[in-house]
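Participant: Here you go, one structure.
The values are calculated or read from the model by the stated rules, or taken from the named source; none is laboratory data. In this text the structure is predicted, and so the values were computed from the model without any measurement. When we count neighbours, we look across all protein chains shown, and the Cβ atoms used for this are built from the backbone with ideal geometry, even at glycine. Side chains included, ligands, DNA and RNA excluded: accessible areas come from the protein's heavy atoms. Shrake-Rupley method; radii C 1.70, N 1.55, O 1.52, S 1.80 Å.
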Amino acid sequence: MEGEQDNSRGLVARFSVTSRCQRECSFCTPSTTRDLSRNQIEEILTACVAVGVRTVHWTGGEPTLRTDIVQLVERARTLGMTYQKMTTNGVLLTKLASRLVTAGLDRVNVSHMPETGVGDGLMGLNRLIREGIELTSSLCPVKVNVCLTKDTIEEILPLVDFAAKYPLRIVLKFLELVPCHNQYERDTDLFESAFVSIAEALNTIKRQYTVHETSSLPHSRAKCRYYQIAENGVVFGLNPNRSIGYACQKRACKDIRINPAGHLSDCSVRIDGMVHLAACSLQDKIDALRGVMSRKLNRTDEEWARYEHRQRYYAFWRFGAPLGPLREPWM
């Protein structure tokens, strides 16, 4: 077991456990993929632990819509997952925060879009902060992911004010739009009219505050840059999706991806080498994971240089969206 753990090199099982969401945000379009059963998910987690993966990132859709999400978090801990985080819209955190913390959740990323509703999300954040999720770093237990649009840029400074009420307990992260089989992919004019760059977000904050670049956060993506506001100590990150051409993180990427239907890949935007874990026996799951991990961890520099990173299948890995003919996204 220890040998397997060494070979995993800190990989993360990014597990989309449902395609459902109670919101209809313009950023993404959930599909109607049937969710895996709890037993199916637990067997996949068992296989992940067997090959040394010790971190699971619960995503969706909206993972808190699963009525068994607390039980899944608790079961993951008993199986051997030592670090668990979740990306959620925050709407149900007021009801679930205490139970999720008790079950073993270590960190929460709250996604914010105009359609999410600031009030809903921040109520959940208040509750979560009071429950006191602990990080291995003393910096922050809760990250608020803000998808930048012409609407949300108006909320940047109010969100900074909110974060300032909880010193070193909240990190804001501003992300550029990504076309992922949604209305922005179907209508490039709409995308252009909604798009806001991280440079514009940074300038918005700089017009009111003094900011300094700071070190990256544990368990954060390498391409993000983090800053701290001198006047109030608020830390925020910038994720330059489009500004760097949706660039692959190459060796810095630690994700293996599992979608709502149980498909596995070492990449969130490609389908080559995909395995349908849900249809495999436990031993076959273990063998498939070993193969996917080996491919990811042992690519040569020349192979990484040729590796094409496109957003075409992002919706498949997030929502289990059909793989039918999709137009190549613009770059």
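Participant: Yes or no: T32 in contact (Cβ under 8 Å) with a residue 24 or more places away in the chain and surrounded by fewer than 24 Cβ atoms within 10 Å (Cβ to Cβ)?
Facilitator: On the way: in contact (Cβ under 8 Å) with a residue 24 or more places away in the chain: no; surrounded by fewer than 24 Cβ atoms within 10 Å (Cβ to Cβ): yes.
Answer is no for this residue.
Participant: Just give me the residues in segment 226-272 being open to solvent by 50 Å² or more (accessible area, probe 1.4 Å) and closer than 30 Å to T204 by Cβ, in sequence order.
Facilitator: Once the filter is applied, which keeps residues that are open to solvent by 50 Å² or more (accessible area, probe 1.4 Å) and closer than 30 Å to T204 by Cβ, segment 226-272 yields Q228, A230, E231, R242, S243, I244.
Participant: In addition: Quick check on V275: is it open to solvent by less than 30 Å² (accessible area, probe 1.4 Å) and without any contact (Cβ under 8 Å) to a residue 60 or more places away in the chain? So that I can check it myself, show each step before the final result.
Facilitator: Details: open to solvent by less than 30 Å² (accessible area, probe 1.4 Å): no; without any contact (Cβ under 8 Å) to a residue 60 or more places away in the chain: yes.
In short, no.
Participant: Can I ask one more? What residue, among those in segment 268-288 that are touching a strand residue (DSSP E or B) at 6+ places or on another chain (Cβ under 7 Å) and either under 21 Å from V17 (Cβ atoms) or part of a helix (DSSP H, G or I) (or both), is modelled with the lowest pLDDT?
Facilitator: Of all residues in segment 268-288, those touching a strand residue (DSSP E or B) at 6+ places or on another chain (Cβ under 7 Å) come to 268, 271, 273-277, 288.
From what's left, either under 21 Å from V17 (Cβ atoms) or part of a helix (DSSP H, G or I) (or both): 268, 271, 274-277, 288.
Values: S268: 82, I271: 87, M274: 92, V275: 94, H276: 95, L277: 95, A288: 97.
Going through the qualifying residues, I end up with S268.
Participant: Within segment 224-238, track down each residue that is at pLDDT 90 or above and either of a type in the set (K, R) or outside any loop (DSSP other than H, G, I, E, B) (or both). Break it down stepwise before answering.
Facilitator: Here is the first cut: in segment 224-238, the residues at pLDDT 90 or above are 226-238.
Result: Y226, Y227, Q228, I229, V235, F236, G237, L238.
Participant: Still on this structure, I have one more. In this structure, is R107 of a type outside the set (G, A, S) and open to solvent by 20 Å² or more (accessible area, probe 1.4 Å)?
Facilitator: Values: of a type outside the set (G, A, S): yes; open to solvent by 20 Å² or more (accessible area, probe 1.4 Å): no.
No.
Participant: Still on this structure, please answer the following. If I filter segment 289-311 down to residues being out of contact with any Pro (no Cβ under 6 Å at 6 or more places or on another chain) and outside any helix (DSSP H, G or I), which single residue comes out as most open to solvent (accessible area, probe 1.4 Å)? Don't jump to the end; show me each part of the working.
Facilitator: Taking segment 289-311 as the starting set, the residues that turn out to be out of contact with any Pro (no Cβ under 6 Å at 6 or more places or on another chain) are 289-310.
Now narrow it down to the ones that are outside any helix (DSSP H, G or I): 298-300, 307-310.
On the way: N298: 90, R299: 25, T300: 60, Y307: 29, E308: 121, H309: 44, R310: 81 Å².
Checked segment 289-311; the qualifying residue most open to solvent (accessible area, probe 1.4 Å) is E308.
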